[in-house]
Protein chains: 4
Amino acid sequence: MGKDRLAAFSDGVIAIIITIMVLELKVPHGAGWNALAGVFPNFTSYVLSFIYLAIYWNNHHHLLHTVARVSGLILWANSFLLFCLSLVPVATAWMGENPLAPVPTAVYGAVLLMPAIAYYLLQKAIVRKQGAHSLLASALGADIKGKISPVLYAAAVVLAFVSPWLSILIYVLVAVMWLIPDRRIENALRES
Amino acid sequence: MGKDRLAAFSDGVIAIIITIMVLELKVPHGAGWNALAGVFPNFTSYVLSFIYLAIYWNNHHHLLHTVARVSGLILWANSFLLFCLSLVPVATAWMGENPLAPVPTAVYGAVLLMPAIAYYLLQKAIVRKQGAHSLLASALGADIKGKISPVLYAAAVVLAFVSPWLSILIYVLVAVMWLIPDRRIENALRES
Amino acid sequence: MGKDRLAAFSDGVIAIIITIMVLELKVPHGAGWNALAGVFPNFTSYVLSFIYLAIYWNNHHHLLHTVARVSGLILWANSFLLFCLSLVPVATAWMGENPLAPVPTAVYGAVLLMPAIAYYLLQKAIVRKQGAHSLLASALGADIKGKISPVLYAAAVVLAFVSPWLSILIYVLVAVMWLIPDRRIENALRES
Amino acid sequence: MGKDRLAAFSDGVIAIIITIMVLELKVPHGAGWNALAGVFPNFTSYVLSFIYLAIYWNNHHHLLHTVARVSGLILWANSFLLFCLSLVPVATAWMGENPLAPVPTAVYGAVLLMPAIAYYLLQKAIVRKQGAHSLLASALGADIKGKISPVLYAAAVVLAFVSPWLSILIYVLVAVMWLIPDRRIENALRES
């Protein structure tokens, strides 16, 4: 299997996930400002998840650039990542409909934690296929962001039962951290 | 990142937005002419938004033609444009369910204003990457349509609280203005 | 604009329309055979519309094969076709929820009539760009199927108020007529 | 018709089916653990169907690799497969909302049986076009998995009225059996 079709299928699935999420943005009940204000928590959850999915799309694109041949392991790690990302819309809608409720806020963190782990496994599968001295292995280096994010998500899951605000602050901070584009792979590609 | 994948991803997202919008066209309640007439406002909003999204798809296609290399800025300006466009279905449905109500009519205008601004920023990001003497910069020229549209949308947002009919007239007029294909980029490409 | 991107965008939109139509197949209320039987009319409408959309996809694919350069007219005729096809899911659901009711059965026919007209206009736009002696013009020849279908749909719309069964019979017959693949274009391509 | 466009259209449809299935994962009613637990059966059905669709995507990809030219028969066998797969989301949702109810569990099995038969017909159509000594014919060999799966699905449909647990066990076992990648085609391709 060539990586082109894997990339095209993954792009398609991520494009659909990012777009159908808007279907969870329910039409306000009523025609006034109050009705609009009522969907504000849903809207902010939607913005946050849109940014996360756009980050995953962008980084996943860079990641697949480093793949030469797709193994069965890479294929299933990629499918697992897509599965995890597919849970984002429903978790977003649940948190949006129950603003600052502990369980939905914690579950949202768990649903962010899952693709982070899947992405890590996908990186491992690619490096395993390429060898420890591969382009990706050297591009990743210590991979601080990739290692700190799951820890922060896990912390946010626990903190949701103390203060949901704190969890949401963590989700926003991790998104901001990733918004700064990942130049490691680009640099390694340029140097190679 | 090559522009081909950016174009393919953007096409995919716009194709999905334009198509899932039809899911907001609710099935009429009942089996008679009255039931059908009841969804008429939804239908006309749908027609208007379909035309807007088709215009964006077409112009966005021409715009990406002028891009040689995708910068991080272009990538995020493009993501912001897709985000703004993704709000069109829910705004369309809200206006369709509350025909001629001031707030939904104004919000629809605001949701048209947002991608207009995002499109302007994307043009800026492309010109910045290419330099002021670039193909796109000269193709745009004074860019009368691009500059007058946001002003008209903003006017329509305010006018919705005076007369929603006037706002809707403006939305239709701007769509008609854009339906005339934008030959500036095509001409500049032909001359270059 | 190259025809490749037009074909890819059209394919994407038709793929989404054909797939989201299944979202109108509501989950049965209850867990027994009765609940399943209750969605039978929806299911048969779905089957019929799936076949129609698959036929359009297939024929549209052949049609675009004959296009060399995309004009503005072709672009908008194609967008109009996609718009008409996008109405099929909601018309299908309405007919499915009101089996054998005259108005939904007639509206379904009208929604089949619209893309037939749009397809005819798209053919005209392509022939106009290519000239009367073009590949497509000779491939179409008398175009019996293309001319008889709109007449049959129009008849079915009227007959729905006499006997909805008769209209549905016509919809099925036209689908069967088109299921036999259109070899005219294939043959003309082979001979050229 | 080239196989590339057939593969792209099929990929698109499967990507959309696998993704819109998540729309059937309803947002929990309420904000507590109980609400979350209430969607657990839906979630497990979703996981199972996601795995099935990912397996079909993967195997379908390998299958199309062996196609040189697309015949009308292949085209319609492929459309029938996509139709059968499009029924998976609604069957998944019905089984998820009525955990361990006999009829939904049996219908789910029937909906798994249908694409298995369609896949078999598609293989037959490809071999027929290629001849009995074709790459695919030799790659398939005895095709134990392809022949045993429909039998197991049919058994599960009947057993659902005795013990739904048993049926679900069969669905899981067949999925696990297919998760082991199908190396026959890969091997035959390598040897050719």
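Summary of values
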| item | result |
| --- | --- |
| Qualifying residue in the range C:60-69 (condition: under 27 Å from D:V88 (Cβ atoms) and modelled with pLDDT of 95 or more) | no |
| Odd one out for B:M114, checked against (1) more than 13 Å from chain C (Cβ to nearest Cβ); (2) touching a Phe, Trp or Tyr at 6+ places or on another chain (Cβ under 8 Å); (3) aliphatic (A, V, I, L, M) | (2) |
| Verdict on B:V107 being β-branched (V, I, T), farther than 16 Å from B:Y46 by Cβ, touching a residue at least 12 places away in the same chain (Cβ under 8 Å) and open to solvent by 10 Å² or more (accessible area, probe 1.4 Å) | yes |
| Residues located in the range C:114-127, provided they are open to solvent by less than 40 Å² (accessible area, probe 1.4 Å) and of a type outside the set (F, W, Y) | C:P115, C:A116, C:A118, C:L122, C:Q123, C:A125, C:I126, C:V127 |
| Boolean, B:G96 is over 12 Å from the mean Cα position of the chain (by Cα) and modelled with pLDDT under 90 | no |
| Check on B:S86, in contact with a Lys or Arg (Cβ under 6 Å, 6 or more places away or on another chain) and not β-branched (V, I, T) | no |
| From the options B:A132, B:A139, B:A106, residue that is of a type in the set (G, A, S) and at pLDDT 90 or above | B:A106 |
| Residues of the range A:15-49 satisfying the condition of being more than 9 Å from chain B (Cβ to nearest Cβ), open to solvent by less than 30 Å² (accessible area, probe 1.4 Å) and of a type in the set (G, A, S) | A:S45, A:S49 |
| Some residue of the range B:9-18 being closer than 27 Å to C:F80 by Cβ and aromatic (F, W, Y) | yes |
| Flag for C:I55 being more than 7 Å from every other protein chain (Cβ to nearest Cβ) and crowded, with 20+ Cβ neighbours inside 10 Å | no |
| Residue list for the range D:30-48, restricted to those being among the aromatic types (F, W, Y) and in contact with a helix residue (DSSP H, G or I) (Cβ under 7 Å, 6 or more places away or on another chain) | D:W33, D:Y46 |
| Long-range neighbours under 6 Å by Cβ, at least six apart or interchain, first residue away from chain D (no Cβ under 14 Å) within the range A:60-75, second of a type in the set (K, R) and part of a helix (DSSP H, G or I) | A:L64/A:K3; A:V67/A:K3 |
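Conditions (1) farther than 20 Å from B:K3 by Cβ; (2) surrounded by 23 or more Cβ atoms within 10 Å (Cβ to Cβ), marked per residue:
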position	(1), (2)
B:I51	yes, no
B:N59	no, no
B:H65	no, no
B:S71	no, no
B:L75	no, no
B:F83	no, no
B:P89	yes, yes
B:M95	yes, yes
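The values are calculated or read from the model by the stated rules, or taken from the named source; none is laboratory data. Note that the structure is a prediction, hence the values are computed from the model and not measured. Counting neighbours? That spans all protein chains shown, and the Cβs are built from the backbone with ideal geometry, glycine included. The area values use the complete protein model at the heavy-atom level, side chains included, leaving out ligands, DNA and RNA. Shrake-Rupley method; radii C 1.70, N 1.55, O 1.52, S 1.80 Å.
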